[in-house]
1. What is the number of the single condition among (1) modelled with pLDDT of 90 or more; (2) under 27 Å from residue 48 (Cα atoms) that residue 177 does not meet?
2. Which residues, counting only those in the stretch 127-147, are free of Cβ contacts under 8 Å to residues at least 12 places away in the same chain and outside any loop (DSSP other than H, G, I, E, B)?
3. Which one is surrounded by the most Cβ atoms within 10 Å (Cβ to Cβ) among residues in the stretch 34-48 that are closer than 15 Å to residue 107 by Cβ and not hydrophobic (A, V, I, L, M, F, W, C)?
4. Determine whether the stretch 46-53 contains at least one residue that is free of Cβ contacts under 8 Å to residues at least 12 places away in the same chain and assigned to a helix (DSSP H, G or I).
5. Can you tell me which residues in the stretch 149-206 are among the charged types (D, E, K, R) and surrounded by fewer than 14 Cβ atoms within 10 Å (Cβ to Cβ)?
6. Quick one: residue 76 ticks every box in (1) polar (S, T, N, Q); (2) modelled with pLDDT of 90 or more; (3) crowded, with 17+ Cβ neighbours inside 10 Å bar one, so which box is it?
7. Quick one: would you say residue 87 is free of Cβ contacts under 8 Å to residues at least 60 places away in the same chain, loosely packed, with under 14 Cβ neighbours inside 10 Å and on the phi > 0 side of the Ramachandran plot?
8. For the subset of the stretch 79-101 comprising residues that are of a type in the set (D, E, K, R) and part of a loop (DSSP other than H, G, I, E, B), which member is farthest from residue 51 (Cα to Cα)?
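The values are calculated or read from the model by the stated rules, or taken from the named source; none is laboratory data. Just so it is clear, the model here is predicted, and its values are computed rather than measured. Using ideal geometry, Cβ is built from the backbone for each residue, glycine included, and neighbour counts are taken over all protein chains shown.
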Amino acid sequence: MHHRVFLRLAFTLAPVLLLAGAIALVMLLQSQRALTLAQQTRFEYFEAANQIRQLSGQLSAGIRNYAYTGSERSLSLYRHVLAMTEGRHPRDNGRVISNEQLLRSMTLTREELNLLERARQATLTLARLEDEALRLMEAGHYAQARQKVFNPDYDSYREVVTGSVNQFVNLLVARLERNIEQARQQNRYTMIAMLITFLLLVLCSLVLGWQLRQGQRHQGRVVLAARHGTPG
C-alpha cells in the first residue's frame with residue numbers, strides 16, 4: 001500500500017520538478033545575459049566618460065600651447081581634438097560621435113546628469129575664452145591671447161570641469177559596480193535553485209526506481225505464492 005502512495009507522489013513530483021528545472025534554466029540564462037550586459041555597460045560607459053575627461057584636458061593643453069608658442073602644430077592638434085568632441089572626426093576607437101551624442105546614449109541618474117550639466121556650463125565658458133584667444137592670435141595680439149587662457153578665471157572653470165567629470169565618473173562606476181553585483185547575486189541564486197531542483201529530480205527518480213523494483217518484487221512474491229497454493 002505504501003509503495004503505491006510513493007509511486008503516485010513520485011509520478012506527481014517528477015513533471016513538476018522537470019518544469020521547475022526548465023524554468024530555472026531559462027532564468028539562469030537570463031541572469032547570465034544580464035550579468036554580461038552589466039559588465040559590458042560598465043566598460044562602455046567608463047570608456048565614454050574617460051574619453052570626455054581626456055579630450056577636455058587635451059583641448060586646454062592644446063590651446064594653451066598654441067597661445068604660448070604660436071606653434072601651428074599645437075593649433076592643428078587643438079582643432080583635431082575639437083573635431084572629435086563635436087563628432088566631425090573619428091575618435092581613437094574609430095567612432096564618429098560628439099560628446100553630446102555620447103552622453104545621450106547613456107542611461108544616467110539625475111545626480112549624474114546634474115554633474116554633467118555643471119561641467120557643460122563651465123565648458124561653454126572655456127570654449128568662449130578659447131575662441132577669443134584664437135581670434136586674438138590670428139590678429140597678432142599674442143599677449144592678449146595668452147591672458148585669455150592663462151588667468152585665474154580660466155583655471156577655475158577648468159577645475160569645475162575636471163572636478164565635475166571626476167565626480168561623475170566615480171558615481172557612474174560605483175552605480176555600475178552595484179548593478180554588476182546585483183546581477184551576480186541573482187545569477188548565484190538562480191544556479192542554487194537549479195542545483196536544488198536537479199538534486200530533487202534525481203532523488204525523485206531514485207525513489208521512483210526503488211518503488212518500481214519493490215512493486216515488481218512484491219508482485220513476484222504474490223505470483224509465487226499463488227503458484228504454490230494452486231493444487232497440482
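1. Unmet for residue 177, out of (1) modelled with pLDDT of 90 or more; (2) under 27 Å from residue 48 (Cα atoms): (1).
2. Across the stretch 127-147, the qualifying residues are 127, 128, 131, 135, 138, 143, 144, 147.
3. Top of the filtered list is 45.
4. No: zero hits.
5. First, pick out the residues of the stretch 149-206 that are among the charged types (D, E, K, R): 153, 155, 158-159, 175, 177-178, 181, 184, 188.
Within the stretch 149-206, 153, 155, 159, 177, 178, 181, 188 meet the criteria.
6. (3)
7. No; evaluated as a whole, the condition is false for this residue.
8. My answer is 88.
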